[in-house]
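As structure tokens, the structure follows; a few thoughts come after it.
The values are calculated or read from the model by the stated rules, or taken from the named source; none is laboratory data. This structure is a prediction, so every number in the text was calculated from the model and none was measured. Positions of Cβ are generated from backbone atoms using ideal geometry, with glycine treated the same way; all protein chains shown enter the neighbour counts. Please note that ligands, DNA and RNA were not included when accessible areas were found on the heavy atoms of the full protein model with its side chains. Shrake-Rupley method; radii C 1.70, N 1.55, O 1.52, S 1.80 Å.
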Amino acid sequence: MEAKRYLKWYNKVGYGSGDFAGNVVYAFLSSFVMLYLTNTVGLNPGIIGTLIMVSKLFDGISDMFFGTMIDKTKSRLGKARPWMLYAYIGCAVTLVANFAIPDSLGTTAQYVWFFIAYTLLNAVFFTANNIAYASLVTFCTKNSRERVEMGSWRFIFAFSTSLLIQSVTVQFVRAAGGGAAAWRIVAIIYCIVGIISNTLSCFSVKELSDAELRDGKEEEDSKLTLAETFKLLISNKYFVMICVVYILQQLRAAMLSVGTYFMTYVFFNQELFGVFSWAINIPLIIALAITPTLVAKARGMYKLNKYSYVFATICRLGIVVAGYLGSIPLMLVFTVLTSLGEGPWQGDVGAVIANCSEHTYLK
């Protein structure tokens, strides 16, 4: 018997568009804030990198806090949607602040301005918005196939937005006149677009009632304190495994975020950043589009993810070899193949977390 369906196609697409809003912030910040701070403001990249690392420590703590707060929330909009909706306003304000450091401040004050703005954006507002957005999958459907489909739509929008932002931002800044004022204008425009997209995504789905989500089972997790939640988390081997994978993913993302520097100062061609963005994101989008079908044929996520990621890892080693040989075309080929291999895992990870979370929640 086919599992009950909760969503229409437009609900899934609408939900996925939320990652357009998320990556207007994330792709813009991660790819270009260092370029803005060093080349436009004139700050030291070593100090900026250290401040970002320290800020990430706060980010890890706030993840658990907002997860607990969302679980305890009761409102007309549900548990996740209020956090997703209102936290994005903070994202917009602090994103502009990261690209609007006053020239009149002294150097030390500029570092302090950046650290506060960056930490508020990453550890507070973006964390609250993104955790709420990810957990919304759990609250609006109990159908595992729909969750995979929502994850696929989500990451299609995510990688499409990353491709767009990484491809046009430098030219956009130039068209706006260059300099600090141009970066500020671009940031404001991106934030306006992001607020509209986030709002549409938030209201494209509805959360199920607590009674329907629990199916008559007792709700226990809402009674846990933050400390108890942390103990439960680290004692669950599956969450620990997901955490390790996520850390490795963030290390990879950190390497990608310095792509503009690599293309400018190693290959001496800043335009190659856009080319490699296409080679990364287009294959990911193609793979994500067929991921639900592949999951169905493989009768689950595990085998598909295992073999596809082994393939991606081998291809990533090929990128290293091609880079050592100095062959840009060969690097592009292996980049495309790597992205095709990573696609199923990228699409399924949200659904995996959602399904594991629900299992633990109901156990």
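List of remarks:
- Restricting the range 106-116 to residues that are more than 14 Å from Val54 (Cβ to Cβ) and either assigned to a helix (DSSP H, G or I) or of a type in the set (A, V, I, L, M) (or both) leaves a set whose member that is least open to solvent (accessible area, probe 1.4 Å) is Gln110.
- Qualifying positions in the range 168-179 - open to solvent by less than 30 Å² (accessible area, probe 1.4 Å) and under 20 Å from the mean Cα position of the chain (by Cα): Thr169
- Condition check for Gly259 on (1) out of contact with any helix residue (DSSP H, G or I) (no Cβ under 6 Å at 6 or more places or on another chain); (2) at pLDDT below 75; (3) not hydrophobic (A, V, I, L, M, F, W, C): one failure, at (1).
- Residues being farther than 17 Å from Cys91 by Cα and open to solvent by 40 Å² or more (accessible area, probe 1.4 Å) - total across the range 180-217: 11
- Residues in the range 90-105 that are open to solvent by 40 Å² or more (accessible area, probe 1.4 Å) and modelled with pLDDT under 95 were compared, and the one that is nearest to Ile188 (Cα to Cα) is Asp103.
Listed here are the residues, each with its yes/no results for (1) surrounded by fewer than 15 Cβ atoms within 10 Å (Cβ to Cβ); (2) of a type outside the set (A, V, I, L, M); (3) at pLDDT 85 or above.
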{"site": "Tyr265", "(1), (2), (3)": "yes, yes, no"}
{"site": "Phe268", "(1), (2), (3)": "yes, yes, no"}
{"site": "Ala296", "(1), (2), (3)": "yes, no, no"}
{"site": "Gly300", "(1), (2), (3)": "yes, yes, no"}
{"site": "Asn305", "(1), (2), (3)": "no, yes, no"}
{"site": "Pro329", "(1), (2), (3)": "yes, yes, yes"}
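- Every residue from the range 8-61 that is of a type in the set (S, T, N, Q), open to solvent by 40 Å² or more (accessible area, probe 1.4 Å) and in contact (Cβ under 8 Å) with a residue 24 or more places away in the chain: Thr40
- Residue match in the range 44-55 (condition: hydroxyl-bearing (Ser, Thr, Tyr) and either modelled with pLDDT of 90 or more or closer than 22 Å to Val93 by Cβ (or both)): yes
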